[in-house]
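Presented below is the structure to which this report refers.
Values quoted throughout were computed directly from the atomic coordinates according to the rules given, and no laboratory measurement underlies them. Not measured: the values here are computed from a predicted model. Cβ coordinates were reconstructed from backbone atoms using ideal geometry, including for glycine residues, and neighbour counts include every protein chain displayed.
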Amino acid sequence: MVRVVVDLNRCQGYAQCAFLAPDVFEMHGEEALLYKPRPDEAHRDDVVRAVAACPVQAILMDRSDETVTVGEASDAR
Amino acid sequence: MPADGHLERLKREGRIVVVGASLAGLRAAETLREEGFAGTLTMVGDEPYEPYDRPPLSKGVLLSRTTADHTALPRRRNLDADWRLGIAATGLDMAAKRVRLADGEEIEYDRLLIATGVRARPWPHEREAELDGVFVLRTRDDATALQKRLADGPRRVFVIGAGFTGSEIASACREREISVTVAERGAAPLVGALGGVVGEVAAQLQRENGVDLRTGVMVTGLEGDSAGRVRSAHLSDGSSVETDVVVVSLGATRNTEWLAGSGLGAGPRGIACDAGCRAFDIRGIVTDDIFVAGDVARSPHPLFGYQFLSLEHWGNAVSQAETAAHNMLCESVDRRPHMWVPAFWSSQFGVNIKSVGVPSMGTEILISQGSLAERRFVGVYGYQDRVIGAVTFDQARWLPFYEHLIETTAPFPPPFPTVDRRPEGARPVPADFPDPSVPTHGPTVTLSGYSPADRRMTFTPGRH
Ligand SMILES: Cc1cc2nc3c(=O)[nH]c(=O)nc-3n(C[C@H](O)[C@H](O)[C@H](O)COP(=O)(O)OP(=O)(O)OC[C@H]3O[C@@H](n4cnc5c(N)ncnc54)[C@H](O)[C@@H]3O)c2cc1C
Ligand code: SF4
């Protein structure tokens, strides 16, 4: 599972991400960024490239596979 | 060194409980682990979902670019936490250091973080609020329901309140070619947060994009049909609007009721804490083991004369959570103040709106770059001859520069030339914020409380 969040305070609309992972990130208007927070697994490598290329390091991708389902006492480890 | 020994034990085998499993709760939990907390970490959240991100709910989700159930936040690391999701905290016993849960369980803590955020203020008339087609927008479930209704192709959507969320909802409707009416009690959209000068630009933006914007009016009632579906909205100017969807966007209420009677300084304005995120009790004495972060917190900001700020901002939740978590695990002298410069973004009608500082403290505004008419500009806010905030419309790249001015308490108006300065930027004009005693729809920064800076002003010898 790929989960993504962009710190849009930090994002300066340079659009590198939209260039490298067009299925995940797109510019909306001149400088607002719109993105899919749960991209398809097939786009994982593109997202990894976008994370690395973002000049202000605004993109965060999961560094953990932990998930929780409701009712569980604790995480799947 | 007994104190050190105590902290070492806390880190090794202590118990930390986080109440509120959303953005602030998650980021705090990650920071606790990052800083070496190896004890028991319990995450309590009343929503039956793992932490998710709210900003997309009024943007990408309403545009059907994504769905509300795809907004779970990525993790910076493994948390190895015990999760109590779908279960509300219902009480706090400060003396016994216990949090009570709705299912009867009681959890003991050595340190507690409260990050219970806010909830949407509902339409005040209960029977009208229950009509089918009346929505608020705060949670995943709210967004799923509203998105579904928009996909059904309603004839018209009626938005009550033109703050950021209401304006973003209207924007999404127009992008989907759905007719939309926006009713705002203030003189323009976003006036509470950005003032009348910028609010006027937001109003033009709405009208040009086909929003039927009604300002200076109040909604007096919602009417349903015999099947209990909303049919129309009545306004204070005597008009009414036929609609099949109403979105109530009247700002937020702080989730502090569960703390009533606990002795913690929690109320409708949030939970007051010191600059290091430690909660105050009702006697005004700071606690040692209870910390606060995110939308529910009210904390004094060194950059703004130690005014207590309540910031309903994503970036604030992240930064305050990190600071609170850090401070939970260290000695007094190693604690950090929460000094984050407020920052916010919104995108609506294809325009990227961002701000830094506290525009709503400003009394004057200077358009230092670009032009209001072109919807591409930087507005700088001044308060007592210093730069206190800035807003950009499609000029985000300049914002770090203005953030620096705010951090260094630069003089206002800025005494230097700026790129692309126009005649309209020659002189500051009144920022035109509404009288704070008259409620508008949901400013996202609330100022309150004692301000040593103001007080000090009275002792400064006057200039002649
Ligand atoms: C539609 C929408 C759009 C937004 N857009 C932007 C934007 O563009 N830019 C921006 O800067 N900010 C935006 N925000 C604001 C941002 O999402 C918030 O600042 C952020 O979510 C605050 O995080 P938090 O963890 O402090 O509080 P919340 O996200 O409110 O989380 C608090 C959690 O605690 C839970 N809780 C409450 N009471 C209890 C209890 N007694 N027991 C257990 N759990 C409890 C709540 O259910 C909730 O899950 C937006 C918010 C919304 C709703
Ligand atoms: S590359 Fe980074 S700065 Fe540029 S648009 Fe993407 S997230 Fe924003």
Please report, to one decimal in angstroms, the Kirkwood hydrodynamic radius of segment B:343-448 built from all distinct Cα-Cα pairs.
14.0 Å
Can you find, among B:PRO302, B:GLY276, B:PRO413, the residue sitting farthest towards the positive end of the charge dipole of the protein assembly as shown, where Lys and Arg contribute +1 and Asp and Glu -1 at Cβ?
B:PRO413
By average C-beta atoms within 10 angstrom, highest first, the peptides B:19-28, B:283-292, B:319-328:
B:19-28, B:319-328, B:283-292
Cβ charges +1 (Lys, Arg) and -1 (Asp, Glu), total dipole of segment B:343-448, debye:
220 debye
Is there a simple number for the mean count of other chain Cβ atoms within 10 Å of the Cβ of residues in B:78-85, and what is it?
5
Order by protection proxy (mean Cβ within 10 Å, highest first), peptides A:17-25, B:191-199, A:53-61, B:364-372
B:191-199, B:364-372, A:17-25, A:53-61
Taking N as the residue count of segment B:1-49, its alpha carbon Rg divided by 2.2 N^0.38 Å gives 1.29
If you average the C-alpha positions of segment A:1-55 and of segment B:1-78 separately, how far apart do those two centres end up, in angstrom?
23 Å
Length-normalised contact order for segment B:177-295 - Cα pairs under 8 Å, 6+ apart - percent
14 percent
Using the Cα centre as the reference, give the magnitude of the dipole from point charges on the C-beta atoms of the protein assembly as shown (Lys, Arg: +1; Asp, Glu: -1; all else neutral), rounded to the nearest 20 debye.
980 debye
Long-range amide H partners of B:MET94 with built H, under 5 Å
none
Across segment B:241-255, in residue order, what do the Karplus-derived ³J(HN,Hα) couplings come to in whole Hz, using 6.51 cos²θ - 1.76 cosθ + 1.60 with θ = phi - 60° and x for Gly and Pro?
10, 7, 7, 10, 9, 10, 10, 8, 10, 9, x, 10, 10, 6, 7
Tell me, what is the Rg over Rh of segment B:1-149, with Rh the Kirkwood radius over Cα pairs?
1.06
Hey, rough spin-label estimate for A:PHE19 and A:VAL48, points 7 angstrom out along Cα→Cβ, what's it come to in nanometres?
2.1 nm
What Kirkwood Rh does the protein assembly as shown have if only Cα atoms enter the pairwise 1/r average? Answer in Å.
24.2 Å
What 222 nm value per residue comes from the helices of chain B, counting each DSSP H run with n ≥ 4 as -39,500 (n - 2.57) and dividing by all residues, nearest 500 deg cm²/dmol?
-6500 deg cm²/dmol
Take the Cα radius of gyration of segment B:248-316 and divide it by 2.2 N^0.38 Å, with N its residue count; two decimals is plenty.
1.10
Counting alpha carbon pairs within less than 8 Å and at least 6 residues apart, what relative contact order, in whole percent, applies to segment B:343-448?
28 percent
What number, in percent, do you get for the relative contact order of segment A:2-68 if the mean sequence gap of Cα pairs under 8 Å and at least 6 apart is divided by its residue count?
44 percent
Taking H placed 1.01 Å from N in the peptide plane, check which residues at least 5 places from A:LEU33 or on another chain put their amide H under 5 Å from its amide H.
A:HIS28
Please label the shape of chain B as rounded, prolate or oblate, based on the square roots a ≥ b ≥ c of the eigenvalues of the alpha-carbon gyration tensor (a/c under 1.5 means rounded; beyond that, a/b larger than b/c means prolate, else oblate).
oblate
Cα shape, segment A:2-68, gyration tensor, a/c 1.5 rule:
prolate
Given Cβ point charges of +1 (Lys, Arg) and -1 (Asp, Glu) and nothing else, what value in debye, to the nearest 20, does the dipole of segment B:121-250 about its Cα centre take?
160 debye
Nearest-0.05 FRET efficiency for B:SER236 and B:GLU130 at R0 = 25 Å, using Cβ-Cβ distance, is 0.65
The value for segment B:49-112 (convex hull of the alpha-carbon atoms, volume per residue, Å³) is 127 Å³
Taking every Cα atom in segment B:121-250, find the radius of gyration and the maximum pairwise distance Dmax, and write them in Å.
13.7, 44
Exercise: per-residue mean of other protein chain Cβ atoms within 10 Å, A:23-29:
3
Report, as an integer, the average count of C-beta atoms from other chains found within 10 Å of each Cβ along B:338-350.
3
Multiply the residue gap between B:GLU257 and B:GLU407 by 0.36 nm, knock off their C-alpha separation, and tell me the result in nm, one decimal place.
50.5 nm
Based only on Cα atoms, what mean projected area does the convex hull of segment B:196-269 have, in nm²?
8.5 nm²
